[in-house]
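See structure below.
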Amino acid sequence: MRKASAILLTLCVTTTATATHPEAHFTGPLVTPNASALPAGVAVLEPYLIYTESHAFYDDRGDRHSNHPGSHQWLLLAPFTIGITDRLNGQLVVGNAYNASGKSHSDGMRLTDTSLTLQYMLVAPQPDGTGPAVSVGYTHVFPTGAYHQLGDNPLNGTGTGSSANRLSVFAQQLFWLPNNHPLRIRALLAWGPSPSRVRINDVSTHGTPVGFQGTAKRGTSLGATASVEYGLDRHWVLAADFTWDHQNGTKVDGQQCLPAQGCTDATQRNGPHWSYSVAPAVEYNFNASVGLIFGAQISIAGHNSPAYWAPQVALNMAL
């Protein structure tokens with residue numbers, strides 16, 4: 001299942017018209033976030049609706065195999081960003097997920113983990129939007145999603161149980177091409193240290209069975225994304241993201257204790273996993289404050305990870 005913490009906000013940005021270039025509107029691509037800060041007091045809400053489907057996986061050699069019945073997830077995310085100062089932004093992301101596999105499903109929409117990000121702009125673009133923008137960010141993930149004691153329905157799991165941190169560097173630049181169309185590029189590099197060990201009982205999102213008692217410790221994470229947006233006119237924009245995500249393995253230590261069988265060691269060492277994906281999309285900007293984007297994120301390679309496709313739509317609204 002796609003993790004809620006993997007989903008990042010893209011902000012609506014408008015460049016000012018000049019004597020030689022028309023006004024350009026962007027909603028932002030699906031994955032790579034904005035490196036420019038919102039002005040103080042300005043807020044943006046961008047709800048996402050994402051459907052993720054997986055019927056295959058990549059093994060430890062990168063070979064793809066079918067996996068039936070596979071998994072399905074409906075994910076509703078509500079990223080909210082506000083300008084605290086002209087260079088410092090805060091962002092809160094909350095979400096709900098509905099999971100299914102074959103004829104089984106979760107008990108309705110379930111709360112996912114919640115993230116809070118502080119982003120500071122080191123280099124500001126020019127007033128017309130051109131020139132580089134560079135920011136740094138700190139994200140903390142709160143373990144608000146269910147992750148253990150899932151009873152007889154593991155599909156109710158929507159979290160990891162870990163309070164995790166992530167450090168990021170963002171960059172972007174807008175160019176005007178010779179045909180007078182805008183081209184904007186973005187990039188992100190993010191690193192997350194290994195979270196603290198988490199206590200686990202019974203069935204969990206870490207693959208533990210009934211009667212398990214022990215702990216899980218996730219490894220470090222590293223991710224990189226890059227995007228490009230090409231403005232066709234003031235309303236329509238073509239966009240695409242290219243992503244790479246790497247997660248070191250999880251260590252699970254403990255015992256499985258059953259009334260009739262006693263306790264046995266239940267230790268797991270999951271290897272690292274990574275994935276590559278692309279996310280083509282189309283933006284339609286109604287005006288400088290409201291934009292719609294629709295597209296899909298699609299895995300193209302991986303290692304110990306699911307193969308998936310995730311069509312999605314988001315509405316970007318400056319408040």
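For the range 190-208, what are the residues that are farther than 30 Å from GLN119 by Cβ and either small (Gly, Ala, Ser) or not in a strand (DSSP E or B) (or both)?
ASP202, VAL203, SER204, HIS206, GLY207, THR208, listed by residue number.
For first residues located in the range 54-71 and closer than 16 Å to ASN99 by Cα, partners that are at pLDDT below 95 and surrounded by 13 or more Cβ atoms within 10 Å (Cβ to Cβ) and lie 6+ apart or on another chain with Cβ distances below 8 Å form the pairs SER54/MET1; SER54/ASN67; SER54/GLY70; HIS55/ASN67; HIS55/GLY70; SER71/MET1. Residues of the range 224-254 that are assigned to a strand (DSSP E or B) and free of Cβ contacts under 8 Å to residues at least 40 places away in the same chain: ALA224, PHE242, TRP244, HIS246, GLN247, LYS251, ASP253. Flag set for VAL31, criterion: modelled with pLDDT of 90 or more, crowded, with 21+ Cβ neighbours inside 10 Å and not in a strand (DSSP E or B).
Selection of the range 163-188 for residues being among the hydrophobic types (A, V, I, L, M, F, W, C), surrounded by 15 or more Cβ atoms within 10 Å (Cβ to Cβ) and either in contact with a Ser or Thr (Cβ under 6 Å, 6 or more places away or on another chain) or within 30 Å of ASN99 (Cβ to Cβ) (or both) yields ALA164, PHE170, LEU174, LEU188.
VAL93 satisfies every condition listed in (1) more than 17 Å from the chain's Cα centre (by Cα); (2) over 20 Å from SER277 (Cα atoms); (3) among the hydrophobic types (A, V, I, L, M, F, W, C) except (1). Within the set SER54, SER101, the sole residue that is touching a helix residue (DSSP H, G or I) at 6+ places or on another chain (Cβ under 9 Å) and modelled with pLDDT of 95 or more turns out to be SER101. Screening the range 255-315 for strands (runs of 3 or more DSSP E) wholly inside it with 2 or more residues that are surrounded by 16 or more Cβ atoms within 10 Å (Cβ to Cβ) and under 19 Å from the mean Cα position of the chain (by Cα) returns the ranges 273-285, 290-303. Scanning the range 136-154 for residues that are surrounded by 13 or more Cβ atoms within 10 Å (Cβ to Cβ) and among the polar types (S, T, N, Q) yields THR139, THR144, ASN153.
When the range 119-157 is filtered for residues that are polar (S, T, N, Q) and either over 21 Å from the mean Cα position of the chain (by Cα) or part of a strand (DSSP E or B) (or both), the ones remaining, listed by number, are GLN119, GLN126, THR130, SER135, THR139, GLN149, ASN153.
Conditions tested, residue by residue: (1) out of contact with any helix residue (DSSP H, G or I) (no Cβ under 7 Å at 6 or more places or on another chain); (2) modelled with pLDDT of 95 or more; (3) not polar (S, T, N, Q).
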residue	(1), (2), (3)
ALA171	yes, yes, yes
ASN180	yes, no, no
LEU189	yes, yes, yes
ARG199	yes, yes, yes
VAL210	yes, no, yes
THR220	yes, yes, no
ASP241	yes, yes, yes
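Scan the range 107-118 for residues that are within 26 Å of GLY192 (Cβ to Cβ) and either outside any strand (DSSP E or B) or of a type in the set (S, T, N, Q) (or both) and the total you get is 5.
The values are calculated or read from the model by the stated rules, or taken from the named source; none is laboratory data. As the structure is a prediction and not an experimental result, all values here were calculated from the model. Glycine also receives a Cβ, built like all others from the backbone with ideal geometry; neighbour counts cover every protein chain displayed.
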